[in-house]
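For reference, the structure discussed in these notes is given below.
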Amino acid sequence: MNIVWQIIIALLVLDLLIVIHELGHYTAARIFKIKIDEFSIGMGPRLLKIKGKHNLFSLKAFPIGGSVIMEGEDEDSCDPDAFCNKKAWKRFIVIIAGALMNLLLGLILTTILVLGEKALPSRTVDKFFDDAVSVTSGLQTGDELLDIDGTHISIYSDAIYAIMRNQTGNATIIVRRNGEKITLEDVKFATEEVGKTTVSKRDFYFTAEPKTFGNVVNHSFYGTISLVKVVYQSIYDIARGKYSASEVSGPVGTVKVIGEAASQGLDSLIYLAAFITVNLGVFNLLPLPALDGGRLIFILIEIIVRKPVPKKYESMIHFIGFGLLILLIILVTFNDIKSLVT
């Protein structure tokens, strides 16, 4: 697959995930009869606009991003159907609906991947690699992994990420062995450098189990939850300085990674799309100004004190947050371009 097709597929996938998010806001707003001024795909100047029955639909120049502009969302309005004049719980649902749509799509994509597998890995150790280290420090064939370094293990992917996240090569693992829970201290793993970060290397296989309705549901649900945990833990690791700013990807880096996944096959593309849509949902729920999570905080304050925060103050805080978000996007985009060049 040539680079042009990789870019085209990447942009289509990214736009689809963003449209799904905005469609969540749009659908909830229509259900509650909130006046919508515009549903747009992309950012920047308009290339195309269509006047629909209820609102304007537009396609903009830069194929990254999108928005649903509602009457009274960022200013006061006398229109009874304006966003600001609807009950707080209705506004809460409208704001959270975008992230929920992303998470639902993540669940659907994960389920597609699970259904495509001939067998599913359990969380039980099957056999060790030839150069395995952990087998010399307490871990045994047949051990069912329950917890690694305080992380509960629901499915095999939880174990993979928990081991990789360990930087010391010494893990505390709780297993079920012969029906009994056992805590294994200082289970050792080999480590390696990935970028500027040290990670531990898993050195064993998981036992496979035949697909049943029960474990398909289990792997689909907990596989999605596992992606959510990876995103939250990654954000936490970035905040505490485990990863540098140069290791965070922006729009350009994301397009590059999606294009590479597309060239590797449909399964890789679907998995990455699931990860990115969950990432979009989780990131948007962070309680930061200009994000959906920041707007939810103001609605929760209104519900608790039974009085809305004056619109001028809320709008000012979101405006400042949006400016900082744009600066962050510029920074990571610069890093993306720099890494492509170098």
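The values are calculated or read from the model by the stated rules, or taken from the named source; none is laboratory data. All values reported here derive from a predicted model rather than from experimental measurement. No Cβ is skipped: glycine too gets one built from the backbone with ideal geometry, and neighbour counts run over all protein chains shown. Quick note on the areas: whole protein, heavy atoms, side chains included, nothing else; ligands and nucleic acids left out. Shrake-Rupley method; radii C 1.70, N 1.55, O 1.52, S 1.80 Å.
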State whether the residues of segment 62-71 include one that is of a type outside the set (A, V, I, L, M) and more than 19 Å from Leu325 (Cα to Cα).
yes
Of the residues in segment 65-81, those that are assigned to a loop (DSSP other than H, G, I, E, B) and under 23 Å from Asn284 (Cα atoms) number 5
Answer from Glu73, Glu144 - the residue that is without any contact (Cβ under 8 Å) to a residue 12 or more places away in the chain and either touching a strand residue (DSSP E or B) at 6+ places or on another chain (Cβ under 8 Å) or surrounded by 19 or more Cβ atoms within 10 Å (Cβ to Cβ) (or both):
Glu73
Kindly indicate the residue of segment 153-170 that is within 18 Å of Ala119 (Cα to Cα) and β-branched (Val, Ile, Thr) and also most open to solvent (accessible area, probe 1.4 Å) among those meeting that condition.
Ile160
Near pairs, Cβ below 8 angstrom, 6+ apart or cross-chain, from segment 170-187 (at positive phi) to any residue that is in a strand (DSSP E or B) and among the aliphatic types (A, V, I, L, M)
Asp186/Ala171
Matching residues in segment 1-55 - criterion: being open to solvent by 40 Å² or more (accessible area, probe 1.4 Å) and in a loop (DSSP other than H, G, I, E, B):
Met1, Asn2, Lys33, Lys35, Lys53, His54
Tell me which residues, restricted to segment 76-106, are of a type in the set (A, V, I, L, M, F, W, C), touching a residue at least 60 places away in the same chain (Cβ under 8 Å) and open to solvent by 50 Å² or more (accessible area, probe 1.4 Å).
Trp89, Phe92, Ile93, Leu100, Met101
Matching residues in segment 125-140 - criterion: being in contact with a Ser or Thr (Cβ under 9 Å, 6 or more places away or on another chain), outside any helix (DSSP H, G or I) and either open to solvent by 30 Å² or more (accessible area, probe 1.4 Å) or over 13 Å from Phe206 (Cβ atoms) (or both):
Asp126, Lys127, Phe128
State all residues of segment 193-228 that are assigned to a helix (DSSP H, G or I) and open to solvent by 60 Å² or more (accessible area, probe 1.4 Å); if no residue qualifies, say none.
Phe213, Val217, Phe221, Tyr222, Ile225
Would you confirm whether any residue within segment 111-118 is in contact with a Ser or Thr (Cβ under 7 Å, 6 or more places away or on another chain) and buried (at least 16 other Cβ atoms within 10 Å of the Cβ)?
yes
Can you go through Ile270, Ile337 and tell me which one is modelled with pLDDT under 80 and touching a helix residue (DSSP H, G or I) at 6+ places or on another chain (Cβ under 8 Å)?
Ile337
